[in-house]
Amino acid sequence: MTHLEKTDQDFFKLHNLILQEQPVKNDVIVWLQGDRLDRGPKVVALYRDGWEKKVIITGNNVLVGKGPRPGEQNITIREMQVWLEQQSIPREDIIIEDESMNTKDQAVDVLKIDTGNGMSKLLLVGSSFYQPRAFLTFLKEARR
């Protein structure tokens, strides 16, 4: 087995472990911006089920790169906020962080936010493919 094959194998083991992890009660849901609202229903379901007290939307309103990829439907932070409000999540429970240009920025900026309730645990909601990277990035920044 080559080093690359071993790395791929380790990544997929970690990926599966993270995706199989059962959520626990947390202080805040962190909704990582994507190019659609596809993560939104999970955020709403977790909030309604009482898993968290606040929702942080993190990302930016700047298109990074040469333009949209095929099938990409860029959404703004504001559109995400409005969508949550349409799902009956009160505005006062939504925190906006709109300056992050990448996952590392999101981790750094979100961990600086004072939610007013002593945030010590958070639940990341992102795409399943990028969830391991987001998890490890937030973990690394939290340990700094």
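The values are calculated or read from the model by the stated rules, or taken from the named source; none is laboratory data. Just so it is clear, the model here is predicted, and its values are computed rather than measured. Here the Cβ positions follow ideal geometry from the backbone for every residue, glycine too, while neighbour counts run over all protein chains shown.
Quick check, is I94 modelled with pLDDT of 95 or more and under 21 Å from A134 (Cβ atoms)? Give the steps one after another, and end with the answer.
Details: modelled with pLDDT of 95 or more: yes; under 21 Å from A134 (Cβ atoms): yes.
Taking the combined requirement at face value, the residue satisfies it.
Could you list, in sequence order, all residues of region 101-144 that are over 18 Å from L37 (Cβ atoms), small (G, A, S) and not in a helix (DSSP H, G or I)?
Within region 101-144, G116, G118, S120 meet the criteria.
Given the residues L37, L14, L46, which is the only one that is at pLDDT 65 or above, among the aliphatic types (A, V, I, L, M), surrounded by 11 or more Cβ atoms within 10 Å (Cβ to Cβ) and part of a loop (DSSP other than H, G, I, E, B)?
Working: L14 fails: part of a loop (DSSP other than H, G, I, E, B); L46 fails: part of a loop (DSSP other than H, G, I, E, B).
So the residue among L37, L14, L46 that is at pLDDT 65 or above, among the aliphatic types (A, V, I, L, M), surrounded by 11 or more Cβ atoms within 10 Å (Cβ to Cβ) and part of a loop (DSSP other than H, G, I, E, B) is L37.
Where residues in region 55-91 are of a type in the set (G, A, S) and within 22 Å of T137 (Cβ to Cβ), which of them is modelled with the lowest pLDDT?
Among those residues, the one meeting the criterion is G65.
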